[in-house]
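Trainee: Can you read through this structure? Questions will come right after.
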Amino acid sequence: MYLSKIKLHNFRNYEKLVLDFTPGINIIYGNNAQGKTNLLESIYYLSVTKSHHSFLDNNLIKNGEDSLFVEGIIKDNDLTNKYSIELINHKKLLKINDDKINKISDYISNINTIFFYPDDLNLIKGNPEVRRRYLNIQLSQLSSIYFKNISDYNKLLKIRNDYLKKYVDRIDFDDNYFDIITDHLIDKSIYIYKMRKKYIYKINQYSKHISKKIYNSDNYEIVYKTNFDHFDFNDEDIKSKIKEEYKKNLYRDKKYKITLLGPQKDDFEFIYESKNLKLYGSQGQQRLGVLVFKLSEINIFNDFKQTKPILLLDDVFSELDNNKKNSLLNYINNEIQTIITTTDLSNLDENLINTSNLIKINGGKIEEVE
């Protein structure tokens, strides 16, 4: 899979832009604050319909304007498709080949991207919600069914929590209704748990090899933590066992008026050399820990969808020494479309520069490369 062309209109600092990419390595360079990261963000937005760090879509619209438009041509094996997102009056219009898409679940898993950027350290240093959100986005890229399940789960969770808040102290608390909601909630949660556990398992399968190449150590692991670590989710009786846990916890749910069990409490930890990187890792180790995680995802996407995702690397070289930089470049090679941003070409290998597509950005415009 690769992005062959992108068109932007009023996205961040881009008034208008039409840009072609090559299937291999593309290097976007220029001074700071010229729009390099914004360009990567537009590709990610085209893929998952969300920014990588802004929760408000309107923040993506160029100052003084009231709408934005992003369009991309994606080539995947023998298929070529056009995808677009238009945001106007707080409404998002999604299209595939000019056909309107009404459900995000029918759009979101078509373009696969993996985005590494400096603030990704929050995946380790941030709170569990940051990690859950990331996992949900990645799994939704893999499977529209996961996207639908997590969306349905969140709706059911809100209904259950609202019921706990409104009726828990009243005599008209309907146990049958509450049990039905809980039952549906558990159905959705089992699917979510299974997908998350499988994803983390696959990460650990691939990360040791990648960590060995970049870290020169394969003592790297992601530990997935749930309310139900002690359960085997392939057990035929898993639903009844989890249902029993909810019954045991009902007193606490009513006391605090919120659902205290479920995927909304999940977390995962980065472990390197038997230590938790959040608590004991240096910033350099944390940065590499996230990088290994994301490079491992390439293989998962390839396994699951028989196509490689688009790799977006924002300023990834600034804190890597030459050995790690070369190890990373050798791993990436030209087998996956990679779009890299950097402020300084002199830090890069001359052979890489000569074999890559160079794109110079200045003030939201493309400059001719000498």
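The values are calculated or read from the model by the stated rules, or taken from the named source; none is laboratory data. Keep in mind that this is a model prediction, so the values were computed, not measured. Reconstructed Cβ throughout: ideal geometry from the backbone, glycine too, with neighbour counts over all protein chains shown. Note: areas computed on protein heavy atoms with side chains; ligands, DNA, RNA excluded. Shrake-Rupley method; radii C 1.70, N 1.55, O 1.52, S 1.80 Å.
Trainee: Please identify the pairs in which a residue from the stretch 179-207 that is touching a residue at least 12 places away in the same chain (Cβ under 8 Å) has its Cβ atom under 7 Å from the Cβ atom of a residue that is polar (S, T, N, Q) and not in a helix (DSSP H, G or I), counting only partners at least 6 apart or on another chain.
Mentor: The qualifying pairs are Tyr193/Thr226.
Trainee: In the stretch 14-23, is there at least one residue being modelled with pLDDT under 95, open to solvent by less than 20 Å² (accessible area, probe 1.4 Å) and in contact with a Ser or Thr (Cβ under 8 Å, 6 or more places away or on another chain)?
Mentor: no
Trainee: Confirm whether Ile339 is in contact (Cβ under 8 Å) with a residue 40 or more places away in the chain, in contact with a strand residue (DSSP E or B) (Cβ under 8 Å, 6 or more places away or on another chain) and aliphatic (A, V, I, L, M).
Mentor: yes
Trainee: In addition: Find all pairs meeting these conditions: Cβ atoms under 9 angstrom apart; at least six residues apart or on different chains; first residue within the stretch 302-321 and touching a residue at least 24 places away in the same chain (Cβ under 8 Å) and within 10 Å of Ile336 (Cβ to Cβ); second residue part of a loop (DSSP other than H, G, I, E, B) and of a type in the set (Asp, Glu).
Mentor: Once the first residue is touching a residue at least 24 places away in the same chain (Cβ under 8 Å) and within 10 Å of Ile336 (Cβ to Cβ) and sits in the stretch 302-321, its partners that are part of a loop (DSSP other than H, G, I, E, B) and of a type in the set (Asp, Glu) give Lys308/Glu335.
Trainee: Quick one: how many residues across the stretch 80-103 are open to solvent by 60 Å² or more (accessible area, probe 1.4 Å) and either among the aromatic types (Phe, Trp, Tyr) or within 19 Å of His53 (Cβ to Cβ) (or both)?
Mentor: Here the count works out to 1.
Trainee: If Leu358 passes every condition in (1) exposed (fewer than 15 other Cβ atoms within 10 Å of the Cβ); (2) modelled with pLDDT under 90 but one, which one does it miss?
Mentor: Only one criterion is unmet by Leu358, namely (2).
Trainee: Is it true that Ile88 is closer than 21 Å to Pro309 by Cβ and of a type outside the set (Gly, Ala, Ser)?
Mentor: So Ile88 fails the test.
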